[in-house]
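Values in this text are rule-based calculations from the coordinates and carry no lab data. Quick caveat, the model's predicted, so the values are computed rather than measured. Glycine gets a Cβ as well: all are built from the backbone with ideal geometry, and neighbour counts include every protein chain shown.
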Amino acid sequence: MSTAVKIANWVQKKPMILIRFDEAFSDSLLNSQQGFEHLTIVKPHSVFKDFKLPTLCLMEIQEHGATKCYLATVTRKVSVSTFDSRLTLKKLRVLKQASLQEIEDIVPGTRMKRLLHARIPAEGGFSILTSKLSAHLIEALAKDADNQAALDAAISLLPRLRQLSNTNWAQEDAIHSAMAAFGIRGNAIPDQVVLKRGTSSGLGLIGAHLYEDNVVHADASQLPGFDAISSDVTGRAIFQKRDERLVIYTANKLPLEKMLGVDLIYINETRGNIVMVQYKMLEEDRQESGNYDWLFRPDKQLRDEIARMQIPVFKGVLSGYRLSRNPFFFKFVKRKIVDDSHQSFLVSLDHLNQILAAPENKGPKGGVCLSYEALEGTYLRETDMLGLIRSGYIGTHRAETDALATIINEAAKGNKAVVLAWQQKVQGEQQ
């Protein structure tokens with residue numbers, strides 16, 4: 001089923017919204033730091049009361065003496081006072097048609113054109129379309145290839161329609177978790193992962209996008225409260241907030257993944273620790289009793305990844321305290337996305353090895369299943385993990401971090417000699 005058909009089916013149940021910004025609101029949006037990725041509008045309750053969310057929105061704004069039209073996803077409506085509600089829109093993506101009038105021109109059929117014309121609001125106004133008109137409008141927009149990026153961005157935010165491969169999801173969640181560890185709000189997008197306004201790679205990443213080859217696109221905006229440091233095409237993003245500095249590497253499909261068997265590496269330069277995370281998807285398991293759990297069945301790929309999770313023995317002097325200096329962790333995530341959120345649990349490499357080796361955990365055919373029910377709460381929740389990372393309580397010691405950081409950076413750049421030397425050293429120490 002095509003993107004257009006999926007969205008058309010969606011908006012028949014949750015009709016589209018039309019918005020026309022007046023000059024003042026348009027100027028505020030154009031001057032905002034991240035308004036085209038995350039926009040909020042506050043109006044009296046009555047303005048939004050009939051909106052069924054999440055759904056899509058067509059927005060006409062005034063820009064430099066002309067108009068432009070954007071497609072956005074309206075994700076949330078909440079009451080913020082006795083009189084007002086707040087509407088949240090994400091991923092405003094420019095359309096080829098520059099006005100609602102131009103969009104009216106491409107809608108097929110005299111009746112549908114007439115219906116749309118009657119629904120176009122005055123400047124500063126809002127309106128809601130009918131179900132049938134919403135579907136016709138999506139189909140009309142989809143006929144123009146120049147609108148595909150906007151439709152891709154929209155579908156990435158609609159529950160149950162959003163589809164990401166394991167690799168792409170891991171990249172998205174890795175950066176989201178790392179940003180959360182340093183108190184970066186989800187709607188505050190670092191310069192290093194922002195795309196230019198109105199574009200889309202099809203990979204949703206906290207309102208921005210990341211290509212599979214980790215080419216990071218930069219923009220001139222700033223992250224509120226942080227200083228942008230640098231960006232490159234190695235999968236590295238750097239953030240700084242007052243005296244805290246974080247370097248994130250998305251390692252998947254890069255030499256780093258082959259070296260270390262992980263999807264995410266981040267270096268807390270303030271506390272001097274490195275933590276590395278591998279992502280695994282939990283599959284839904286419905287039982288005959290009517291209950292259900294979420295399972296992961298270990299496979300050869302897991303064993304290969306564990307085998308690569310080695311760091312050379314450090315022979316220098318270690319100072320400071322670590323609850324655990326083993327930097328490797330696994331994050332198990334429910335594959336199904338519910339309300340645009342990901343529920344997950346984390347276990348350390350040591351704990352996972354213990355689970356895999358324990359006879360009582362083996363099933364009738366000798367297999368082992370990891371699940372919420374089987375672990376009985378003996379795991380780290382994301383908030384637990386982030387607190388440990390940010391405090392420097394887990395991960396490598398500073399001396400180890402200083403030595404590893406240079407190697408990681410060189411490997412991320414594709415330095416094959418470094419990768420080979422690493423593999424030889426680790427293998428030599430295992431013999």
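Below is a table of values for the structure above.
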read-out: Loop sites in the range 357-427: trypsin sites (Lys or Arg not before Pro), DSSP, at most 10 other Cβ within 10 Å; value: Lys365
read-out: Estimated distance in nm for a label pair at Asn361 and Thr383, the labels positioned 7 Å out from Cα along Cα-to-Cβ; value: 2.6 nm
read-out: Residue-count net charge about Asp293 - beta-carbon cut-off 10 Å; Lys, Arg +1, Asp, Glu -1; value: -3
read-out: Label-point separation in nm, Thr406 to Glu23, each point 7 Å along Cα→Cβ; value: 6.0 nm
read-out: Separation of alpha-carbon centers, the range 404-424 and the range 3-61, rounded to whole Å; value: 46 Å
read-out: Modelled FRET efficiency - R0 35 Å, Ser324 with Arg86, Cβ distances, 0.05 increments; value: 0.25
read-out: Gain upon complete extension [Ser79, Ile106; 0.36 nm per residue less C-alpha separation]; value: 6.1 nm
read-out: The range 3-155 - convex hull of the alpha-carbon atoms, volume per residue in Å³; value: 103 Å³
read-out: Thr396, Thr378 arranged by Cβ crowding within 10 Å, fewest neighbours leading; value: Thr378, Thr396
